[in-house]
Every structure is written in structure tokens, then in C-alpha cells.
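Each remark here refers to the structure printed beneath this line.
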Amino acid sequence: MPIAGASERAPASVAPPRSGTLATPWAKVSAASSTVTTRMEERLRERRSAHRRLLTGRWVTRLLIAGAGAVGVWLLLLSPVFALEQDNVEASGFGTVVDPATVAGIVAQQDGTSLVLVNTGHIEDQLEALVGVRDAVVERVWPAGLRVTLTSAEPVAAIPHGETFVLLDEDGVQVDEAAEAPAHLPVVNVPLEAENTRILDGVIAVIDQMPVELRERVQDVEATTEDSIHFVLRDGPRVEWGSAEESALKAEVLAVLLQEASDAELIDVSAPTLPTVV
């Protein structure tokens, strides 16, 4: 039997769904994923762009450095800026024996060469091979010059040899020849023979230890042994010197005696503490 009022309790009708896409949870996730993907792509594009800029900057820097290096190499090695010029060569220390023209000729072989490439050691070896050069120092003077400093071996004695005179330095080494004996050098009358080596060494040692003023007054030196050296002074007496021992003291004694006995014919200082005057 129908319940009274049943029609009044009937459920309300449900409104029909609206047309269009339903806003389900899956749709929300998909939209969020799309937004994230777009942002990631943008970031990746930015990173790739930044990386390309970084690489480009690095290559530009490398090219600039390489270019600067190439310019520097050209400037140092090939350009005329650092090329050696003969007019910029300073040389000193020739002394009385070394020929300046010969030195200039050796250095001129490097003319036009970059100062960086100039072999200063080779030039020094060439100069030291010259007669009369004891030592040579070659220094670069930037941008295009050299400084050559020589230590010459000066002759201290002249020895007759045939029709010429051989000039010996303080070590008894020949440094030059001359047609006539230089006026300021003692003439040593001891033959240049092997058996006279000890005698010549003794004579050269005596001459080398003499004061320059006395050496220039010595005219003729003779000796039969290294202990019997004697010589004649220009406008002065004959001097018996003896050996090369105590030569400094002998020179001092002789200087005093030459002042006190200006008319002496013979002064013997072979025993410097007991000299004799005749």
C-alpha cells in the first residue's frame, strides 16, 4: 500500500553535466608537467647559449694570445728593431797589440742578426783566439748593440829573432812581432831555444816584477843562467840582478842607489841587503 506523501520525498533530479573537458586530477598533473618541461627546455637553451658564449670567448682569447705571440716572435727575431747594427758596437781594451779592425771584422759577421740570436760565447771564443787577447767579454746592449771588453796581453820584452823582434808578454807568450824593438821595452839577448826556457822564464819574471818606470829604463838584458841576470840601463850603469827572487826588494834598493850614486858604473843588488856600488 503506498505510503502517504511518498511522492513528496522523491529525490531531486541531478543536473546534466556541462559540455567541455572534465577537470580531472590527471588533467591537472599533465598541465603541471607541461609547464615544468617548458621551463627545463628554456633553462637548457640558456645553458647551451652560455656554454657557446664561453667557448667562443675562450677561442677568441686563445687566438689573441697566439696572435700576440706571433707578433712578439716576429718582433724579436725577424724585425729590424732588434737587428744588430755595426754602428752600435762598443769595443775597448785593445792595448798596443790587438788590431781594432780585426775585432770589428769578427763582430761584423753578426751584423743584421737579431740580438736574441747573436751567439756571444762564439764571438768571445773567436776574439780570445786572436794574438794579444787574453780575455774577451761580449754583452748585449738592447735594442740593437753589443759591448766588447778586451783584456789585452801587453808585451814586456823584445827578443831578437832573425831580422825581427819577438814580443813576449808577462807569461812569456809571444803576442806580436816587430821590425824594430819598441823603445819602451827591454831587449833580452837570450836566444829563443828550448834549452833556454828556464833562463827566459827567469828574465821575464824579473822584468814583470819591476816598476814600470824602471822597466822602461832597461835597455839590454843578458843571462847565462836563471841566477845570473844582468842588464844595462839607458843612460845609466850596469846592474847585476841575480835571480828573480826578492825582485821587489831589489827594485826598491836599486831606486835608492840610483839617486845616491848617479855616477856609478855598476850596481850589484843580487844580495839586496848587501848591495855594492862601483
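Computed from the coordinates by the stated procedures, all read-outs in this text should not be read as laboratory data. Just so it is clear, the model here is predicted, and its values are computed rather than measured. Note that each Cβ is placed from the backbone with ideal geometry, even for glycine, and that neighbours are counted across all protein chains shown.
Computed from the Cβ-Cβ distance with R0 of 30 Å, the FRET efficiency linking residue 178 to residue 245 stands at 0.45. The calculated FRET efficiency for the pair residue 62 and residue 38, based on their C-beta separation and a Förster distance of 25 Å, comes to about 0.10.
Taking Cα pairs under 8 Å and at least six residues apart, what relative contact order does the stretch 157-277 come out at, in percent? Write out the running numbers ahead of the final one.
Numbers: 227 pairs, mean separation 21.0, N = 121.
Rounded, it is 17 percent for the stretch 157-277.
You can think of it this way: the chain between residue 171 and residue 139 has 8.8 nm of extra reach, that is 0.36 nm per residue less the Cα-Cα gap. The peptide list 170-182, 38-50, put in order of mean Cβ contacts within 10 Å with the highest first, becomes 170-182, 38-50. In the stretch 132-157, which residues have a backbone nitrogen under 16 Å from the label point lying 7 Å from residue 196's Cα in the Cα-to-Cβ direction? Those under the cut-off are 157. A Förster radius of 25 Å combined with the Cβ-Cβ distance from residue 96 to residue 122 puts the calculated FRET efficiency at roughly 0.40.
Relative contact order of the stretch 107-229, please, whole-number percent, based on alpha carbon pairs below 8 angstrom and at least 6 residues apart. About 17 percent, as a whole number.
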